[in-house]
């Protein structure tokens with residue numbers, strides 16, 4: 001009975017949603033990790049490396065799979081791409097977000113690791129403030145992270161709500 005109702009569309013949908021959750025879910029923990037780094041600067045290199053490893057080995061590779069799985073969904077779900085404004089908007093937002101993550105956020109994270117590694121090891125002296133370059137880059141990373149989180153939430157809303165669409169739930 002299950003085989004009669006399970007289609008290729010269902011398979012692609014399961015894989016697509018799973019890839020989105022696994023790829024982007026951990027990114028919502030980055031602000032928590034960053035806050036702990038601020039509280040415990042002696043662990044700044046380690047915390048920043050954790051964020052970078054998640055970006056480099058989980059988020060970005062799976063973010064390549066997400067649109068491929070989405071393409072399979074469009075094909076097997078018989079979506080009319082050019083009459084689905086919500087889908088076109090989502091594709092454009094995804095492309096911009098992907099390239100921002102790849103060519104702005106990831107290099108900034110790498111730069112932050114290099115900056116932190118160049119600092120003396122151990123806890124900073126009492127009352128010491130981080131170098132201005134670290135503070136400036138930290139703010140760039142923070143704002144970039146907020147943009148990425150907002151973009152991902154916007155994409156999830158578009159994918160669930162599908163404004164203007166009567167394909168599926170009306």
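Quick note: the coordinates plus some simple rules give every number you see, no bench work behind them. All values derive from a computational prediction rather than experimental measurement. No Cβ is skipped: glycine too gets one built from the backbone with ideal geometry, and neighbour counts run over all protein chains shown.
How far is it, in nm, from the label point at residue 92 to the one at residue 64 when both lie 7 Å from their Cα along the line to the Cβ?
2.7
Say R0 is 22 Å: what FRET efficiency, to the nearest 0.05, do residue 46 and residue 99 get from their beta-carbon distance?
So the FRET efficiency works out to roughly 0.20.
With each label point set 7 Å from Cα along the Cα-Cβ vector, what nm distance links residue 129 and residue 53?
3.3
Compute the length gained on full extension between residue 76 and residue 153: take 0.36 nm times their separation in residues and subtract their Cα-Cα distance, giving the result in nm to one decimal.
Going from the current span to full extension adds 25.2 nm.
Kindly express, to the nearest 10 degrees and within the range 0 to 90, the angle between helix 132-161's C-alpha long axis and the longest C-alpha principal axis of the chain.
Long axis of 132-161 versus the principal axis of the chain: about 10 degrees.
Testing the spin-label approximation: label points 7 Å from Cα along Cα→Cβ at residue 15 and residue 119. State their distance in nm.
4.4
What do you get for Rg/Rh of the stretch 1-98 when both radii come from the Cα atoms and Rh is the Kirkwood radius?
With Rh from the inverse mean 1/r over Cα pairs, Rg/Rh is 1.14.
Please determine, in degrees from 0 to 90 and to the nearest 10, the orientation of helix 106-117 with respect to the longest principal axis defined by the Cα atoms of the chain, where the helix direction is its Cα long axis.
The helix 106-117 is inclined about 20 degrees to the chain.
In degrees between 0 and 90, to the nearest 10, how far off the longest principal axis of the chain does helix 85-100 point, with axes built from Cα atoms?
Value to nearest ten degrees: 30.
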